[in-house]
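The values are calculated or read from the model by the stated rules, or taken from the named source; none is laboratory data. Remember, it's a predicted structure, so these values are computed and weren't measured experimentally. Cβ placement follows ideal geometry from the backbone for every residue including glycine, while neighbour counts extend to all protein chains displayed.
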């Protein structure tokens, strides 16, 4: 049972990541491969605020969103001028820069040692003091955030703002002719995505209670990208479904009983193969409404 | 010891290595017009090819290096035939091919890690005693000297191929416009196949150089690829000669950068350069 709850929590966290990346990749058609960077910044910001200053989780998560947004503002305006290949490359670069900052700014992040002993979220209401220490309660918290992210995403894509995003995806020049400042739209949705990824990071840090830079590599960005490609671009239910599939799929491999190093690589192999096969035979994924 | 000559020597060596990577990358890019992520993994395969043939099977380097290079080329060719050319034939968008190549990259990297473990391996012991030379106060090893010379040779051979042969002419035609090239009777599939083989073989060679110079690990492919991409973007992507300029510029910026701040920031510096170029000169320093 604990095991199932653990998997559900992971699905929730990756569901948030997938929903937020889907806004950028699926709905706006910008191939951003830097989501793990914002996931990581959110996780580190929350972990550092909570362990160093003893700030409450909910405040720390909010501050983390602000910090993530600030860092997204460094790269966002540059990326917003591009699309397709150059967008992907610029985002690759940013992911690697963030990862090397997490790894090498040892005074702040403790480098490869990571940050241990991150407390679980808790809140105080009057005299009531509750800590999400059991996994079941954490699952409920994660689900709440997942549902909020889902409805926020749904709201965004159904609004008039969302329609402009889809127009940018279909033909950026045409929508520019109509007088829309497309870099602005591309920047805003990129920031929204980054902010949501930060929440996933806060949850991850306080769930595992330990983080190190190896979680937030380019591979992780590719993994999140494969989730939404499998689930289906521009479909929010597809994003959550994709997260469930890709979290559960490697668990099947667990029963084959590889040594742990090989198992990790087998997982990568499966994700890679899946991407290739999807591109060859079903580029719109399971429930996709948009083909790249 | 004065540090400046050594820094210049290091920059030139790094530049030469990046130039080799960039040459292969640009060669493929000019004909296929998509950013082939799997190119980085092919370089890794080349390095591990020599590691396997010489260190595990005990073959002589004179045999194992050509074999590994050919294997890398063949692998690139096979991947192109079974994945990319199918997608191209279907007129799939660049994004689809980019993601497919990301998938291929991940698969190859995982296979290498499963076969050879993810540990750092070095090939330099195979080459025997390392000799060093001193040129104007900068020290370089014999392996680095070989790297420099073969980099120059590859460049000259490629330049000759492109300028003087029928193959070069056909290649330039394909890179200008695939459809028109087809109409005038060029077998574009054959040309692309040859180019991919050649480019992948060059990638394999670059991986081998790194194995001898510093060492190889399965995860180094992405950094390698991105160095090639950064150099290409600096020089104007798809511009083979510009890429060389970009490669050396990158080599110098990286090495002079870590003179002031510590070596771990090398990659961050390289991608900082990329982002600066995207910001100010997205078409590269050499206009086409």
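Among residues belonging to region B:72-84 that are more than 14 Å from residue B:32 (Cβ to Cβ) and buried (at least 21 other Cβ atoms within 10 Å of the Cβ), point out the one that is farthest from the other protein chains (Cβ to nearest Cβ).
The qualifying residue farthest from the other protein chains (Cβ to nearest Cβ) is B:73.
Tell me, which helices (runs of 4 or more DSSP H) lie completely within region A:15-125 with 1 or more residues that are closer than 14 Å to residue A:198 by Cα and in contact with a strand residue (DSSP E or B) (Cβ under 7 Å, 6 or more places away or on another chain)?
Correct list: A:35-53, A:57-79.
I'm told residue B:167 meets every condition in (1) surrounded by fewer than 18 Cβ atoms within 10 Å (Cβ to Cβ); (2) touching a residue at least 60 places away in the same chain (Cβ under 8 Å); (3) more than 30 Å from residue A:282 (Cβ to Cβ); (4) in contact with a helix residue (DSSP H, G or I) (Cβ under 9 Å, 6 or more places away or on another chain) except one. Can you identify the failing condition by its number?
Every listed condition holds for residue B:167 apart from (2).
Residue-wise test of (1) within 7 Å of chain A (Cβ to nearest Cβ); (2) farther than 18 Å from residue A:226 by Cβ; (3) assigned to a helix (DSSP H, G or I).
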residue	(1), (2), (3)
B:86	yes, yes, yes
B:95	yes, no, yes
B:106	yes, no, yes
B:110	yes, no, yes
B:119	no, yes, no
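If the requirement is being under 22 Å from residue A:84 (Cβ atoms) and in contact with a helix residue (DSSP H, G or I) (Cβ under 7 Å, 6 or more places away or on another chain), which of these qualifies: B:251, B:284, B:257? Outline the logic, then answer.
Values: B:251 fails: under 22 Å from residue A:84 (Cβ atoms); B:257 fails: under 22 Å from residue A:84 (Cβ atoms).
Sole residue among the options that is under 22 Å from residue A:84 (Cβ atoms) and in contact with a helix residue (DSSP H, G or I) (Cβ under 7 Å, 6 or more places away or on another chain): B:284.
Is it fair to say residue A:37 is at pLDDT 90 or above and more than 14 Å from every other protein chain (Cβ to nearest Cβ)? Reasoning before the result, please.
Working: at pLDDT 90 or above: yes; more than 14 Å from every other protein chain (Cβ to nearest Cβ): no.
Judged against the criteria, residue A:37 is not a match.
Output the residue which, of all residues in region A:95-123 that are farther than 19 Å from residue A:208 by Cα and over 22 Å from the mean Cα position of the chain (by Cα), is farthest from the other protein chains (Cβ to nearest Cβ).
A:108
For region A:132-151, give me each residue that is in contact (Cβ under 8 Å) with a residue 12 or more places away in the chain and either within 14 Å of another protein chain (Cβ to nearest Cβ) or surrounded by fewer than 17 Cβ atoms within 10 Å (Cβ to Cβ) (or both).
Going residue by residue through region A:132-151, those that are in contact (Cβ under 8 Å) with a residue 12 or more places away in the chain are A:132-133, A:135-136, A:138-139, A:141-143, A:145-146, A:149-150.
Those that are in contact (Cβ under 8 Å) with a residue 12 or more places away in the chain and either within 14 Å of another protein chain (Cβ to nearest Cβ) or surrounded by fewer than 17 Cβ atoms within 10 Å (Cβ to Cβ) (or both): A:133, A:136, A:143.
Going by what's in this entry, would residue B:274 be described as more than 9 Å from chain A (Cβ to nearest Cβ), at pLDDT 80 or above, more than 18 Å from residue B:44 (Cβ to Cβ) and part of a helix (DSSP H, G or I)?
no
Working carefully through the options B:75, B:98, find the one that is closer than 14 Å to residue B:35 by Cβ and in contact (Cβ under 8 Å) with a residue 24 or more places away in the chain.
None of the others qualify; the one that does is B:98.
For (1) surrounded by 22 or more Cβ atoms within 10 Å (Cβ to Cβ); (2) farther than 20 Å from residue B:176 by Cα; (3) free of Cβ contacts under 8 Å to residues at least 12 places away in the same chain, each residue gets a yes or a no:
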position: B:26; (1), (2), (3): yes, no, no
position: B:33; (1), (2), (3): no, no, no
position: B:38; (1), (2), (3): yes, yes, no
position: B:49; (1), (2), (3): yes, yes, no
position: B:52; (1), (2), (3): no, yes, no
position: B:68; (1), (2), (3): yes, yes, no
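Restricting to region A:247-280, name every residue that is assigned to a helix (DSSP H, G or I), more than 10 Å from every other protein chain (Cβ to nearest Cβ) and out of contact with any helix residue (DSSP H, G or I) (no Cβ under 8 Å at 6 or more places or on another chain).
A:252, A:260
Among (1) free of Cβ contacts under 8 Å to residues at least 12 places away in the same chain; (2) within 17 Å of the chain's Cα centre (by Cα), where does residue A:1 come up short?
Failed condition: (2).
Any residue in region B:62-80 that is touching a strand residue (DSSP E or B) at 6+ places or on another chain (Cβ under 9 Å), in a helix (DSSP H, G or I) and within 29 Å of residue A:262 (Cα to Cα)? Quick ask: steps written out before the conclusion?
Taking region B:62-80 first, the residues touching a strand residue (DSSP E or B) at 6+ places or on another chain (Cβ under 9 Å) are none.
Within region B:62-80, none of the residues are touching a strand residue (DSSP E or B) at 6+ places or on another chain (Cβ under 9 Å), in a helix (DSSP H, G or I) and within 29 Å of residue A:262 (Cα to Cα).
Would you say residue A:223 is within 12 Å of chain B (Cβ to nearest Cβ) and outside any helix (DSSP H, G or I)?
Criteria not met by residue A:223.
Please go through region B:179-193 and pick out each residue that is free of Cβ contacts under 8 Å to residues at least 40 places away in the same chain and assigned to a helix (DSSP H, G or I).
B:179, B:180, B:181, B:182, B:183, B:188, B:190
Can you confirm whether region B:217-234 contains a residue that is within 11 Å of chain A (Cβ to nearest Cβ), surrounded by 21 or more Cβ atoms within 10 Å (Cβ to Cβ) and not in a helix (DSSP H, G or I)?
Within region B:217-234, one or more residues are within 11 Å of chain A (Cβ to nearest Cβ), surrounded by 21 or more Cβ atoms within 10 Å (Cβ to Cβ) and not in a helix (DSSP H, G or I).
Give region A:188-218 a look and list any residue that's within 14 Å of another protein chain (Cβ to nearest Cβ) and touching a helix residue (DSSP H, G or I) at 6+ places or on another chain (Cβ under 7 Å), or say none. Walk me through it before giving the result.
Going through region A:188-218, the residues within 14 Å of another protein chain (Cβ to nearest Cβ) turn out to be A:213-214, A:217-218.
If the condition is that a residue be within 14 Å of another protein chain (Cβ to nearest Cβ) and touching a helix residue (DSSP H, G or I) at 6+ places or on another chain (Cβ under 7 Å), then A:213, A:217, A:218 are the ones that fit.
Out of B:39, B:48, I need the residue that is touching a strand residue (DSSP E or B) at 6+ places or on another chain (Cβ under 9 Å) and either within 14 Å of chain A (Cβ to nearest Cβ) or closer than 17 Å to residue B:200 by Cβ (or both). Which one?
B:48
Look at residue B:160 and say whether it is under 26 Å from residue B:78 (Cβ atoms) and in a helix (DSSP H, G or I).
No.
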